Amino acid sequence: MASTYSTDLKIQLMATGENSGTWGTITNTNLGTTLEEAICRSVDVSFSGASLTLSANNSNGAQSFRNLRLNLTGTGSAGISLTVPDIEKNYIVKNALSTDVDIKNSSGGDVTVPAGKTTLVY
């Protein structure tokens, strides 16, 4: 069985006996990047007038969707949204734009974060 990224946070799950000589490096990345982003890191999500989507890729490298705190920056227009992956995850969303932003995923409703406000989104 090969390594997989079958977790919601896309943490690399190594198969038994795989990655000889690099197991420690992969584990350190999983702990120091992947889990740390989800627990205590922030990322700037920059808008340029249009809606954005944060995607989840099969990689234990840094990914915006994992971060606990999303700082919405840039410029927005009425009716914009931020689409996050379909996983059960908390976000603290700080909307520094001059317009409201809807936070949503592909399978559920949305939560509006008013301009200039910070909101906890699940």
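Could we say that S107 is modelled with pLDDT of 95 or more and either within 17 Å of the chain's Cα centre (by Cα) or of a type in the set (D, E, K, R) (or both) here? No; evaluated as a whole, the condition is false for this residue.
In the set (1) among the small types (G, A, S); (2) touching an Asp or Glu at 6+ places or on another chain (Cβ under 9 Å); (3) closer than 16 Å to T7 by Cα, the condition left unmet by S59 is number (2). Looking across region 66-89, just one residue is in a loop (DSSP other than H, G, I, E, B), of a type in the set (A, V, I, L, M), open to solvent by less than 40 Å² (accessible area, probe 1.4 Å) and more than 13 Å from V121 (Cα to Cα), and that is I80. For region 76-98, filtering for residues that are at pLDDT 95 or above and under 12 Å from S51 (Cα atoms) leaves 5. Identify, please: which residue in region 91-122 is part of a loop (DSSP other than H, G, I, E, B) and hydroxyl-bearing (S, T, Y) and is, among those, nearest to A38 (Cα to Cα)? Here the residue is Y122.
With respect to S46, determine if the residue is assigned to a loop (DSSP other than H, G, I, E, B) and either over 12 Å from the mean Cα position of the chain (by Cα) or under 30 Å from A2 (Cβ atoms) (or both). So S46 does not fit the description; no. Of the residues making up region 1-43, those that are over 23 Å from E88 (Cβ atoms), of a type in the set (A, V, I, L, M) and assigned to a loop (DSSP other than H, G, I, E, B) number 4.
Of all residue pairs spaced 6 or more apart or on separate chains, those with beta-carbon atoms under 7 Å, a first member in region 1-21 that is more than 20 Å from A62 (Cβ to Cβ) and a second member that is in a loop (DSSP other than H, G, I, E, B) and open to solvent by 70 Å² or more (accessible area, probe 1.4 Å) are A15/M1.
Quick one: is N28 open to solvent by 50 Å² or more (accessible area, probe 1.4 Å) and in contact (Cβ under 8 Å) with a residue 12 or more places away in the chain? No: the conditions fail for N28.
Taking the stated definitions as given, is T112 surrounded by fewer than 16 Cβ atoms within 10 Å (Cβ to Cβ) and in contact (Cβ under 8 Å) with a residue 24 or more places away in the chain? So T112 fails the test. From the list L9, L35, L68, the one residue that fits, being modelled with pLDDT of 90 or more and touching a strand residue (DSSP E or B) at 6+ places or on another chain (Cβ under 7 Å), is L68.
The values are calculated or read from the model by the stated rules, or taken from the named source; none is laboratory data. Here the structure is a predicted model, which means the values were calculated and not measured. Reconstructed Cβ throughout: ideal geometry from the backbone, glycine too, with neighbour counts over all protein chains shown. To get the accessible areas, we keep the full protein, side chains included, count just its heavy atoms, and leave off ligands, DNA and RNA. Shrake-Rupley method; radii C 1.70, N 1.55, O 1.52, S 1.80 Å.
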